[in-house]
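Chemist: Please find one structure pasted underneath; my questions will follow.
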Amino acid sequence: MTPSAILDDGDVVYEPKTDDQPSPKSAILHRHIHHNPITVVGASGNYLELSNGQKILDATGGAAVSCLGHGHPRVREAIIQQMNNVSYCHSLFFGTLAGEGLGEELVNSTGGQMSKAFIVSSGSEAMEASMKLARQFFLESTPAQPRRTKFIARKESYHGTTLGSLAMSGHLVRRAPFEPMLSDGVSRVSACNAYRGVREGEKIEQYVARLAQELDDEFVRVEADTVCAFVAEPVVGAALGCVPSVPGYFRAMKDICDKYGALLIFDEVMSGMGRTGTLHAWEQEGVVPDIQTIGKGLGGGYAPVAGLLIGHKVVRALEGGSGAFAHGQTYQGHPIACAAALEVQRIIREQNLVENVRRMGGILSSQLKRGLGEHPHVGDIRGRGLFWGIEFVRDKATKEPFDPKDLVAMGIHEKGLQPEYNLSIYPGTGSVDGRTGDHVLLAPAYNTTESDIKLIADITVKVIEDFFAEFH
Ligand code: PLP
């Protein structure tokens with residue numbers, strides 16, 4: 001691998017593992033223009049079959065997407081039935097049984113905490129919609145608060161790739177090329193990251209109080225009555241590698257939002273829909289957000305589908321105001337996407353898979369900690385449910401990260417794909433300002449068996465040990 005520049009969400013331009021060298025010309029604009037990615041020719045359960053015949057154990061389901069593994073017969077059947085029934089209609093004029101069913105399933109899953117669902121095709125779109133909905137809430141509240149246009153998000157965050165959702169994101173590398181095009185109406189406070197954030201001798205309550213003060217100060221700095229919402233991931237996924245907040249953190253953040261009359265938006269695109277051991281990540285935080293975005297685990301990769309769950313207060317404002325959400329898209333509430341997501345969610349509920357997530361997560365985490373806890377280059381192993389991150393450091397005592405140009409996470413990912421391991425794990429590069437280290441992320445399917453979980457842990461440990469044994 002030869003890094004040439006720090007650029008995108010592998011975060012470094014590199015020579016990726018490919019089918020052929022040099023790659024044949026492709027009509028697709030792939031992420032890396034000179035190299036085609038490896039071709040997957042089949043996928044079943046937890047395994048991907050590559051064009052070279054390799055069978056890869058999929059320990060991440062893409063980026064924590066394939067929550068039921070690949071080729072689930074019930075989801076396949078639901079999609080075919082929906083195809084035969086209604087493949088498309090415009091959501092402005094028509095509703096569908098699949099859409100209504102999904103909405104009901106999702107709202108019911110919140111135990112009455114949320115009022116309505118809004119279905120789109122990607123997490124980025126969901127984040128965009130959440131920004132517009134928050135703005136509209138304040139325009140249509142009584143009295144209206146038209147000065148509220150800003151958002152406070154967090155450093156080391158990723159909320160999407162479109163201009164609005166990227167403006168929310170604190171991911172420096174992903175923002176860099178587009179910085180001049182991003183709204184300056186979003187500011188950022190520190191993420192909650194116990195491994196790197198808690199100071200020597202500081203108690204967790206003091207850490208929480210410090211972060212709460214930082215948020216309070218930020219509201220004051222930008223003028224509190226101009227802020228629509230504070231936006232955060234309950235468990236930080238791609239930007240940090242499965243970092244949960246410390247106890248009491250979100251309670252304290254919600255209190256600050258309430259103090260200044262701002263909304264709380266949770267980005268649960270990656271951490272939601274069962275991934276972290278409860279169907280909604282907020283169930284473990286003792287707070288309910290006003291708006292929640294959901295994505296990857298919603299449709300489990302069977303269709304491009306994401307959405308919002310919207311609290312009663314926000315829906316009431318629209319009901320008493322214009323009576324419409326001023327945000328429509330061609331593929332909003334797409335019937336096939338809704339049918340796929342509805343079946344995925346029914347399977348998770350009927351088979352009590354969130355319980356399996358907690359149980360398997362316990363096994364995965366203890367095996368990873370046993371195998372890697374003492375490794376000199378493993379700084380932290382953290383996560384919840386079946387969402388675990390391993391952060392690498394050059395120096396365990398000082399927590400000094402590797403230089404992102406060393407491509408540690410990408411190297412481990414590529415080592416995993418070699419035929420002696422046959423494992424797919426998701427890499428994430430540390431921040432270019434040196435505040436966080438490279439990490440890899442594990443996110444197996446919710447229905448993974450104990451023997452596959454143990455296999456994933458064993459191979460992960462071996463890949464990391466072997467990578468560092470050869471690393472200079
Ligand atoms: N929010 C979070 C927390 C994510 O992890 C992602 C994607 O990785 C997004 C939003 C954007 O979702 P999508 O890639 O589906 O647009």
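The values are calculated or read from the model by the stated rules, or taken from the named source; none is laboratory data. The structure presented is a predicted model; accordingly, all values stated were derived computationally and were not measured. Every residue, glycine among them, receives a Cβ derived from its backbone with ideal geometry; neighbour counts consider all protein chains shown.
Chemist: Need at least 3 residues that are under 24 Å from residue 295 (Cα atoms) per element, so show me which helices (runs of 4 or more DSSP H) inside the range 160-226 make the cut, counting only ones lying wholly within it.
Modeler: Values: elements: 163-168, 172-175, 194-197, 204-222.
Per the criteria, 163-168, 172-175.
Chemist: Another question, then. Of all residues being of a type outside the set (D, E, K, R) and closer than 17 Å to residue 336 by Cα in the range 286-297, which is nearest to the ligand (Cβ to nearest atom)? Just the residue, please.
Modeler: First pass over the range 286-297, keeping only residues of a type outside the set (D, E, K, R): 286-289, 291-295, 297.
With closer than 17 Å to residue 336 by Cα added as a condition, the list becomes 295, 297.
Working: 295: 5, 297: 11 Å.
Looking at the filtered set, the residue picked out is 295.
Chemist: Among (1) at pLDDT 95 or above; (2) closer than 26 Å to residue 243 by Cα; (3) surrounded by fewer than 20 Cβ atoms within 10 Å (Cβ to Cβ); (4) of a type in the set (Gly, Ala, Ser), there is one condition residue 176 misses while meeting the rest; what is its number?
Modeler: Status for residue 176: all satisfied but (1).
Chemist: Collect the residues in the range 298-318 that are under 19 Å from the mean Cα position of the chain (by Cα), part of a helix (DSSP H, G or I) and more than 11 Å from the ligand (Cβ to nearest atom), keeping them in residue-number order.
Modeler: Here is the first cut: in the range 298-318, the ones under 19 Å from the mean Cα position of the chain (by Cα) are 298-310.
With part of a helix (DSSP H, G or I) added as a condition, the list becomes 298-299.
Matches in the range 298-318: none.
Chemist: Being surrounded by fewer than 17 Cβ atoms within 10 Å (Cβ to Cβ), on the phi < 0 side of the Ramachandran plot, more than 16 Å from the ligand (Cβ to nearest atom) and not charged (D, E, K, R) is true for just one of 91, 87. Which residue is that?
Modeler: Numbers: 91 fails: surrounded by fewer than 17 Cβ atoms within 10 Å (Cβ to Cβ).
It is 87.
Chemist: Same structure, new question: Could you tell me whether any residue of the range 360-371 is outside any helix (DSSP H, G or I), modelled with pLDDT of 95 or more and more than 14 Å from the ligand (Cβ to nearest atom)?
Modeler: Narrowing the range 360-371 to residues outside any helix (DSSP H, G or I): none.
So far as the range 360-371 goes, no, none of its residues is outside any helix (DSSP H, G or I), modelled with pLDDT of 95 or more and more than 14 Å from the ligand (Cβ to nearest atom).
Chemist: Taking the range 264-273 only, how many residues are assigned to a loop (DSSP other than H, G, I, E, B) and more than 11 Å from the ligand (Cβ to nearest atom)? Full working, then the answer.
Modeler: Residues of the range 264-273 that are assigned to a loop (DSSP other than H, G, I, E, B), as a first pass: 269-273.
Next, from what is left, pick out any that are more than 11 Å from the ligand (Cβ to nearest atom): 273.
Residues in the range 264-273 being assigned to a loop (DSSP other than H, G, I, E, B) and more than 11 Å from the ligand (Cβ to nearest atom): 1 in total.
Chemist: While we're on this one: Looking at (1) over 17 Å from residue 245 (Cα atoms); (2) at pLDDT 95 or above; (3) assigned to a loop (DSSP other than H, G, I, E, B); (4) out of contact with any Cys (no Cβ under 9 Å at 6 or more places or on another chain), find the lone condition where residue 148 falls short.
Modeler: Condition not satisfied by residue 148: (4).
Chemist: In the range 233-246, what count of residues is obtained for those that are within 10 Å of the ligand (Cβ to nearest atom) and in contact with a Cys (Cβ under 9 Å, 6 or more places away or on another chain)? Write out each step before concluding.
Modeler: Kept after step one, since they are within 10 Å of the ligand (Cβ to nearest atom), are these residues of the range 233-246: 233-239.
Now narrow it down to the ones that are in contact with a Cys (Cβ under 9 Å, 6 or more places away or on another chain): 235-236.
The number of residues fulfilling the criteria is 2.
Chemist: Here is a check on your reading of the model: is residue 75 within 16 Å of the ligand (Cβ to nearest atom), of a type in the set (A, V, I, L, M) and in contact (Cβ under 8 Å) with a residue 24 or more places away in the chain? If you could, list the steps in order and put the result at the bottom.
Modeler: Numbers: within 16 Å of the ligand (Cβ to nearest atom): no; of a type in the set (A, V, I, L, M): yes; in contact (Cβ under 8 Å) with a residue 24 or more places away in the chain: yes.
No.
Chemist: Quick one: which of 227, 235, 288 is closer than 30 Å to residue 438 by Cβ, touching a residue at least 60 places away in the same chain (Cβ under 8 Å) and among the β-branched types (Val, Ile, Thr)?
Modeler: Details: 227 fails: closer than 30 Å to residue 438 by Cβ; 288 fails: closer than 30 Å to residue 438 by Cβ.
It is 235.
Chemist: Under 24 Å from residue 257 (Cα atoms) and more than 11 Å from the ligand (Cβ to nearest atom): which single residue out of 191, 176 fits that description?
Modeler: On the way: 176 fails: under 24 Å from residue 257 (Cα atoms).
After ruling out the rest, the residue left standing is 191.
Chemist: Give me a count of the residues in the range 354-369 that are farther than 24 Å from residue 462 by Cβ and out of contact with any Leu (no Cβ under 8 Å at 6 or more places or on another chain).
Modeler: So the count comes out to 3.
Chemist: Would you check which residues across the range 99-139 are in a helix (DSSP H, G or I), away from the ligand (no atom under 16 Å from the Cβ), touching a residue at least 24 places away in the same chain (Cβ under 8 Å) and not aromatic (Phe, Trp, Tyr) and list them?
Modeler: Matches in the range 99-139: 99, 101, 102, 105, 106, 107, 109, 135, 136, 139.
Chemist: Here is a check on your reading of the model: is residue 44 closer than 30 Å to residue 281 by Cβ, modelled with pLDDT under 95 and of a type in the set (Gly, Ala, Ser)?
Modeler: Numbers: closer than 30 Å to residue 281 by Cβ: yes; modelled with pLDDT under 95: no; of a type in the set (Gly, Ala, Ser): yes.
In short, no.
Chemist: With the condition kept exactly as written, say whether any residue in the range 274-283 is within 16 Å of the ligand (Cβ to nearest atom) and out of contact with any strand residue (DSSP E or B) (no Cβ under 9 Å at 6 or more places or on another chain). Step through it out loud before you land on a result.
Modeler: The first filter runs over the range 274-283 and keeps only residues within 16 Å of the ligand (Cβ to nearest atom), leaving 274-276, 280-282.
Still in the list and also out of contact with any strand residue (DSSP E or B) (no Cβ under 9 Å at 6 or more places or on another chain): 274.
Within the range 274-283 (the criterion being within 16 Å of the ligand (Cβ to nearest atom) and out of contact with any strand residue (DSSP E or B) (no Cβ under 9 Å at 6 or more places or on another chain)), the answer is yes, since at least one residue qualifies.
Chemist: Something else: Restricting attention to the range 72-94, and to residues there that are among the hydrophobic types (A, V, I, L, M, F, W, C) and touching a Ser or Thr at 6+ places or on another chain (Cβ under 9 Å), which single residue is farthest from residue 446 (Cα to Cα)? Lay out the reasoning, then the answer.
Modeler: So the first thing to find is which residues in the range 72-94 are among the hydrophobic types (A, V, I, L, M, F, W, C), and the list is 75, 78-80, 83, 86, 89, 92-94.
If we keep only those that are touching a Ser or Thr at 6+ places or on another chain (Cβ under 9 Å) as well, we get 86, 89.
Details: 86: 29, 89: 32 Å.
Among those residues, the one meeting the criterion is 89.
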